[in-house]
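Colleague: Following this message is one structure expressed as structure tokens.
The values are calculated or read from the model by the stated rules, or taken from the named source; none is laboratory data. Fair warning: this is a prediction, and the values are worked out from it, not measured in the lab. Please note: Cβ atoms are built from the backbone with ideal geometry, for glycine as well, and neighbour counts cover all protein chains shown. When the accessible area is computed, the model is the full protein with side chains, heavy atoms only, and any ligands, DNA or RNA have been set aside. Shrake-Rupley method; radii C 1.70, N 1.55, O 1.52, S 1.80 Å.
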Amino acid sequence: MSGVVIGADGVARCPWGASAPDYLSYHDTEWGRPLHGDTALFERVSLEAFQSGLSWITILRKRPAFRAAFAGFDPARVAAFDEADIARLLADAGIVRNRAKVLATIANARAVLDLDGSLDELLWSFAPRPPRPAPRGFGDVPAVTDESTAMAKALKRHGFRFVGPTTAYALMQATGMVNDHLAGCAFRNAT
């Protein structure tokens, strides 16, 4: 998987974005586009944590169920979850039923509420400046960067869980803090 591929629709995309219909939509409309707002970013932090050890397509397909189960990822509502909510979540076949990840999501919601500023401000403070040049192939795309390592450390200092440097970098890619659409991808400059 190096270099862009031309889809059946004649559009050049990153290879993974053309590999399945769920990926196509996500690649074309969300991935790599700047995302702001504490609720939206808390959702992405949560989903990236749930993805750890799984394929992203599994999380994408379960995203509507995740949103329903976690109160639309409203940090204040999730922070108030109790033992009954934990039991409900662990019984919900529509989501990934991993106790450690469920507990981490609740703890992370509480950490969002405890921040002195906004989650948006904290996360975006790690976006590299200036942006890096467009990668030519996925061999040019790192799994971890100095910025993602610093982000992970800062999040952990604030009480966040399941936010290692690789997860932080995936979050940076997903929310447009970095633009890893390949050179030649029709969606590299889409905003």
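Colleague: Picking from LEU103, LEU155, LEU171, LEU113, which residue would you name as being open to solvent by 10 Å² or more (accessible area, probe 1.4 Å), assigned to a helix (DSSP H, G or I), of a type in the set (A, V, I, L, M, F, W, C) and under 14 Å from ALA49 (Cβ atoms)?
Modeller: Values: LEU155 fails: open to solvent by 10 Å² or more (accessible area, probe 1.4 Å); LEU171 fails: open to solvent by 10 Å² or more (accessible area, probe 1.4 Å); LEU113 fails: under 14 Å from ALA49 (Cβ atoms).
Criteria check complete, one pass: LEU103.
Colleague: Over 18 Å from the mean Cα position of the chain (by Cα), crowded, with 18+ Cβ neighbours inside 10 Å and among the aromatic types (Phe, Trp, Tyr): does that describe PHE81? Don't jump to the end; show me each part of the working.
Modeller: Numbers: over 18 Å from the mean Cα position of the chain (by Cα): yes; crowded, with 18+ Cβ neighbours inside 10 Å: yes; among the aromatic types (Phe, Trp, Tyr): yes.
Here the answer is yes, as PHE81 does meet what is asked.
Colleague: Follow-up question, since we're still on this one. For the condition surrounded by 19 or more Cβ atoms within 10 Å (Cβ to Cβ), of a type outside the set (Asp, Glu) and either touching a residue at least 12 places away in the same chain (Cβ under 8 Å) or not in a helix (DSSP H, G or I) (or both), what is the one hit in VAL96, VAL144?
Modeller: When all the criteria are applied, what remains is VAL96.
Colleague: Quick check on the stretch 1-39: of everything there that is of a type in the set (Val, Ile, Thr) and part of a helix (DSSP H, G or I), which residue is surrounded by the most Cβ atoms within 10 Å (Cβ to Cβ)?
Modeller: It comes out as THR39.
Colleague: If you go through the stretch 40-61, how many residues are open to solvent by 60 Å² or more (accessible area, probe 1.4 Å) and either among the basic types (Lys, Arg) or in a helix (DSSP H, G or I) (or both)?
Modeller: Result for the stretch 40-61: 1.
Colleague: Let me ask you something else. Counting only residues that are open to solvent by 30 Å² or more (accessible area, probe 1.4 Å) and either touching a helix residue (DSSP H, G or I) at 6+ places or on another chain (Cβ under 6 Å) or polar (S, T, N, Q) (or both), how many does the stretch 62-73 have?
Modeller: Selection size over the stretch 62-73: 0.
Colleague: Something else now. May I ask you to list pairs of residues, at least six apart or on different chains, whose Cβ atoms are under 9 Å apart, with the first in the stretch 179-191 being touching a residue at least 40 places away in the same chain (Cβ under 8 Å) and assigned to a loop (DSSP other than H, G, I, E, B) and the second being hydroxyl-bearing (Ser, Thr, Tyr) and exposed (fewer than 14 other Cβ atoms within 10 Å of the Cβ)?
Modeller: Pairs found: LEU182/SER2; PHE187/THR29; ALA190/THR29.
Colleague: So which residues in the stretch 1-56 are farther than 16 Å from PRO135 by Cα and of a type in the set (Val, Ile, Thr)?
Modeller: ILE6, VAL11, THR29, THR39, VAL45 - these are the residues of the stretch 1-56 that are farther than 16 Å from PRO135 by Cα and of a type in the set (Val, Ile, Thr).
Colleague: Kindly evaluate ALA168 against the criterion of being under 19 Å from ARG110 (Cα atoms) and of a type outside the set (D, E, K, R). Spell out the reasoning first.
Modeller: Details: under 19 Å from ARG110 (Cα atoms): yes; of a type outside the set (D, E, K, R): yes.
In short, yes.
Colleague: So for the stretch 124-137 (the condition being of a type outside the set (Phe, Trp, Tyr), open to solvent by 10 Å² or more (accessible area, probe 1.4 Å) and part of a helix (DSSP H, G or I)), does at least one residue qualify?
Modeller: Within the stretch 124-137, none of the residues are of a type outside the set (Phe, Trp, Tyr), open to solvent by 10 Å² or more (accessible area, probe 1.4 Å) and part of a helix (DSSP H, G or I).
Colleague: For LEU115, work out the one condition from (1) within 30 Å of GLY3 (Cα to Cα); (2) in contact (Cβ under 8 Å) with a residue 12 or more places away in the chain; (3) not polar (S, T, N, Q) it doesn't fulfil.
Modeller: Only one criterion is unmet by LEU115, namely (1).
Colleague: Suppose we filter the stretch 84-93 for residues that are loosely packed, with under 14 Cβ neighbours inside 10 Å and either among the basic types (Lys, Arg) or part of a loop (DSSP other than H, G, I, E, B) (or both); how many remain?
Modeller: Count: 3.
Colleague: Pick out the one residue from LEU54, LEU90 that is under 20 Å from PHE162 (Cα atoms) and at pLDDT below 95. I'd like the intermediate steps shown before the answer.
Modeller: Values: LEU90 fails: at pLDDT below 95.
Within the list LEU54, LEU90, the selection yields LEU54.
Colleague: Of these, PHE138, PHE126, PHE162, which one is closer than 21 Å to ARG67 by Cα and of a type in the set (Phe, Trp, Tyr)? Don't jump to the end; show me each part of the working.
Modeller: On the way: PHE138 fails: closer than 21 Å to ARG67 by Cα; PHE126 fails: closer than 21 Å to ARG67 by Cα.
Going through PHE138, PHE126, PHE162 in turn, just one is closer than 21 Å to ARG67 by Cα and of a type in the set (Phe, Trp, Tyr): PHE162.
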